[in-house]
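What follows is a single structure, written as structure tokens, with notes after it.
The values are calculated or read from the model by the stated rules, or taken from the named source; none is laboratory data. From a predicted model like this one, the values you see are computed outputs, not experimental measurements. Reconstructed Cβ throughout: ideal geometry from the backbone, glycine too, with neighbour counts over all protein chains shown. What goes into the accessible areas is simple: the full protein's heavy atoms, side chains included, and nothing from ligands, DNA or RNA. Shrake-Rupley method; radii C 1.70, N 1.55, O 1.52, S 1.80 Å.
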Amino acid sequence: MDGNMSAAGLSVLLQAGTVDPVELATATLDKIAGHRDQAIFTALLGERALAEAKASNERIRSGRSLGLLDGIPVAWKDLFDTKGSVTTAGSAVLVDGAPARADAVVVKALASAGMVSVGRTNLSEFAFSGLGINPHYGTAHNAASRDVPRIPGGSSAGSGVAVAAGLVPVAIGTDTGGSIRIPAALNGIVGYKATRGRYSMQGVFPLAKSLDSLGPLCRTVLDAIWIDAAMRGRTAPDVSRTDLSDLKLVIPETVVFDDAETAVVAAFEAAIVRLEKAGARIARRAFPVFAEIFGLAARHGALVTAEAYALHKERLQGADAERMDQRVVARTRLGEKIGMTDYVAILDARQRLIAALADALEPGELMAHPTLPHVAPPIAPLLADDDLFFKANGKTLRNTSIGNFLDGCGVSIPCGTGDAGMPVGFLLSGQRNEDERMLSAALSAEAVIRGDA
């Protein structure tokens, strides 16, 4: 089976009976177990996968398919509870915890759609880094790199690499500051961060509840749309294609291009030229609200850091802190300096800035800019230099974290390559609860953004 096949492509074969779900699940598990990079997954769910695949096979053979996703393998970031497995959150301190007594709500939703859960994927410890480096379970290597080991992007590192390496067609991640869109962009696949609250967070280990959101990493926008529907309990998607002449994009001229690599900008701008030729209307404007977000963090601290510290305060004050990634510990402890008055000021300013963004956008406009200002850097220098690590982490999270703070939605689509032939991502973003309109635009524009049309 071609590991580069999309979920939609596999669906055709499964529903036609050309591919047996059990054979597909077995081949998937064997491929993961035999892959040269054993840091992609933290655990396999072999017994569960084969049982679910057998049930899928029986349904399809008897004409009772559950729908488009029946029999499709899926992997889960190790933040999602899967019944009978320990949710480690990528941390050594949770590895001896009690197994989950039930599936997370979204795990149950995809199981109800017939999807086959094959494993749990690696991540930055407690999801608190955009680089994907993990000292406990190893660091998955970027699947697109052909020279030296490069970062996978985080925190949904294993999810991004699992799809890009052709091990699974779909993996589910979380996104608090870019943790779906970053690994998608750096590995050359599609990553969709839904509006916060679009899916249930029950059974998902949190990082910062005011920012946490979920979504799929996959091969195409169509796959993302199918998964989105299933995660919400829908039997079919309700997103339609639109004409590119109806697409209105605004390119922010504030923050997102600062210190960007020349080749990244060139790949993005080439995609914009293609979209314009295809009929899309393009505008460019300054967005002072973007700069205000970082000014706010400089004055009061970062919202994610405040909430992460509140979550892990007891852990940081005990023996567990010695067993954690010390870079995660150092970053989380910055939250101790953020007082209640700072936290309230951040929340108040956040609502004001969300409203300011709405005022800055014309009706129907979506935003477009490079997902990241750089391609995936080599791992080794980041491990050797803490200052470089933290600088790279901040820059990696910069563009995507804007969307989390402003409570929007976004999808990263590959748009070309930059230095060392590494993938570049094109980020299409909408405001809060504009998911259907954004996904519709992404579906229509994907081929042009990729350069396939």
- Residues within region 25-60 that are of a type in the set (A, V, I, L, M), crowded, with 16+ Cβ neighbours inside 10 Å and either within 16 Å of THR121 (Cβ to Cβ) or without any contact (Cβ under 8 Å) to a residue 60 or more places away in the chain (or both), tallied: 11
- Message: Looking for something surrounded by fewer than 24 Cβ atoms within 10 Å (Cβ to Cβ) and among the polar types (S, T, N, Q) - is there at least one such residue anywhere in region 143-164?
- Response: yes
- Item | Residue that is among the small types (Gly, Ala, Ser) and touching a Pro at 6+ places or on another chain (Cβ under 8 Å), where the choices are ALA49, ALA109, ALA89, ALA55 | ALA49
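Counting only residues that are in contact with a helix residue (DSSP H, G or I) (Cβ under 7 Å, 6 or more places away or on another chain) and either buried (at least 17 other Cβ atoms within 10 Å of the Cβ) or assigned to a helix (DSSP H, G or I) (or both), how many does region 282-301 have?
Final tally of qualifying residues: 8.
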- Residues satisfying the stated conditions in region 249-281, i.e. open to solvent by less than 40 Å² (accessible area, probe 1.4 Å) and part of a strand (DSSP E or B): LEU249, VAL250, ILE251, PRO252
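Confirm whether ALA236 is part of a strand (DSSP E or B), more than 28 Å from SER155 (Cα to Cα) and open to solvent by 10 Å² or more (accessible area, probe 1.4 Å). Quick ask: steps written out before the conclusion?
Numbers: part of a strand (DSSP E or B): no; more than 28 Å from SER155 (Cα to Cα): yes; open to solvent by 10 Å² or more (accessible area, probe 1.4 Å): yes.
Taking the combined requirement at face value, the residue does not satisfy it.
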- Item | Hey, GLY410 touching a residue at least 12 places away in the same chain (Cβ under 8 Å), part of a strand (DSSP E or B) and open to solvent by 20 Å² or more (accessible area, probe 1.4 Å) or not | no
- Query: Is it the case that some residue within region 357-377 is open to solvent by 10 Å² or more (accessible area, probe 1.4 Å), without any contact (Cβ under 8 Å) to a residue 40 or more places away in the chain and more than 22 Å from the chain's Cα centre (by Cα)?
  - Reply: yes
- Item | Candidate set: region 1-16, residues that are farther than 13 Å from VAL116 by Cβ and of a type in the set (A, V, I, L, M); chosen: the one surrounded by the most Cβ atoms within 10 Å (Cβ to Cβ) | ALA8
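What residue, of LEU353, LEU372, LEU366, is touching an Asp or Glu at 6+ places or on another chain (Cβ under 8 Å) and not in a helix (DSSP H, G or I)?
One residue alone meets the criteria, LEU366.
Quick check on this structure: which one of ALA229, ALA171, ALA184 is part of a helix (DSSP H, G or I), open to solvent by less than 10 Å² (accessible area, probe 1.4 Å), among the aliphatic types (A, V, I, L, M) and in contact with a Gly (Cβ under 8 Å, 6 or more places away or on another chain)?
Going through ALA229, ALA171, ALA184 in turn, the sole match is ALA184.
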- Using the structure shown, decide if ASN142 is part of a helix (DSSP H, G or I) and touching a Pro at 6+ places or on another chain (Cβ under 8 Å). no
- Item | Answer from GLY71, GLY119, GLY90 - the residue that is at pLDDT 95 or above, crowded, with 24+ Cβ neighbours inside 10 Å and not in a loop (DSSP other than H, G, I, E, B) | GLY119
